[in-house]
Amino acid sequence: MSTREPGRGDAVDAIIEQWNRERPDLRTPGMEIFGRIYQLSRAMGERTEKAYAAYGISRGEFDVLATLRRAGEPYTLAPRELSGTLMLTTGGMTGRLDKLERAGLLSRSPDPDDRRALRVSLTERGLALVNEAVTAGLAVQNEAVRAALDDDGAAELAALLRRLLAATEH
């Protein structure tokens with residue numbers, strides 16, 4: 001049975017209605033939830049991508065800079081720590097690092113503790129840029145949340161999604 005509110009509908013509701021017509025035996029809450037999560041992810045991904053583009057970076061490049069920023073001072077990690085956090089292959093990581101280094105947003109230097117290894121660090125310019133970009137990206141996300149939910153509703157939804165995510169990871 002659909003949880004569609006009367007007078008309201010979205011693309012997921014249309015799909016659910018079709019399944020209900022063709023296969024009334026199906027239970028569709030999972031499709032309703034994950035279909036909307038997918039749609040939200042796509043829509044917000046595009047919006048945040050635009051916010052980051054204003055700073056000359058892609059969402060993937062933002063992720064690298066943000067990972068270094070979240071590491072705390074001195075904003076330095078090993079490339080394998082970055083690729084592990086971002087779930088990227090070393091080849092994918094190298095391409096992003098090359099581009100960000102050419103833009104002057106990060107630097108690579110020898111690891112003082114291991115001559116065979118490198119360290120990746122934010123430059124002052126990279127730090128300033130990621131601080132501005134994260135604020136812009138969060139503004140886009142928070143604006144979307146505020147358009148639909150008050151603070152309590154947002155906290156409740158975050159808690160429900162946390163529970164659902166934990167259940168799917170086990």
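If you take all other residues with their beta carbon under 15 Å from the beta carbon of GLU156, and give Lys and Arg +1 and Asp and Glu -1, the sum is 0.
You can think of it this way: the chain between ALA136 and GLU169 has 8.9 nm of extra reach, that is 0.36 nm per residue less the Cα-Cα gap. Note on the chain: with a GNM built from Cα contacts shorter than 10 Å, the maximum mean-square fluctuation among THR48, THR123, THR85 falls on THR85.
You can think of it this way: the chain between GLU101 and TYR38 has 19.4 nm of extra reach, that is 0.36 nm per residue less the Cα-Cα gap.
Compared with the dominant Cα axis of the chain, that is its longest principal axis, helix 151-169 is turned about 80°. Would you indicate which of (1) 35, 22, 14; (2) 40, 18, 15; (3) 33, 16, 13 is the value of semi-axes √(5λ) of the Cα gyration tensor in Å derived from the coordinates of this structure? Given (1) 35, 22, 14; (2) 40, 18, 15; (3) 33, 16, 13, the structure-derived one carries the label (2). FRET efficiency for the ASP114 to THR94 pair, using the beta carbon distance and R₀ = 22 Å, is estimated at 0.75.
Per residue, the average separation of C-alpha pairs within less than 8 Å and at least 6 apart gives the chain a relative contact order of 18 percent. A 1.4 Å probe run over the protein chains yields, for the chain, 69 Å² of accessible area per residue, whole-number rounding. Counting charges near GLU61 (Lys, Arg +1; Asp, Glu -1) among other residues having Cβ under 13 Å from its Cβ returns a value of +1.
With helices as the sole contributors, the chain gives -22500 deg cm²/dmol at 222 nm; each DSSP H run of n ≥ 4 counts as -39500 (n - 2.57), and the sum is divided by every residue. The calculated FRET efficiency for the pair ALA154 and LEU86, based on their C-beta separation and a Förster distance of 25 Å, comes to about 0.40. Among the protein heavy atoms of the chain, carbon and sulfur supply 54% of the accessible surface, probe 1.4 Å, non-protein parts ignored. If you take the Cα centroid of region 109-143 and the Cα centroid of region 59-99, the two points sit 8 Å apart.
When region 81-121 is described by a simple charge dipole with +1 on each Lys and Arg Cβ and -1 on each Asp and Glu Cβ, the residue from THR85, PRO112, LEU97 located farthest towards its positive end is LEU97.
The values are calculated or read from the model by the stated rules, or taken from the named source; none is laboratory data. Bear in mind that the values here come from a model prediction, so they are computed numbers and not experimental data. Because the Cβ atoms are built from the backbone with ideal geometry, glycine has one as well, and the counts that use them run over all protein chains shown. The area values use the complete protein model at the heavy-atom level, side chains included, leaving out ligands, DNA and RNA. Shrake-Rupley method; radii C 1.70, N 1.55, O 1.52, S 1.80 Å.
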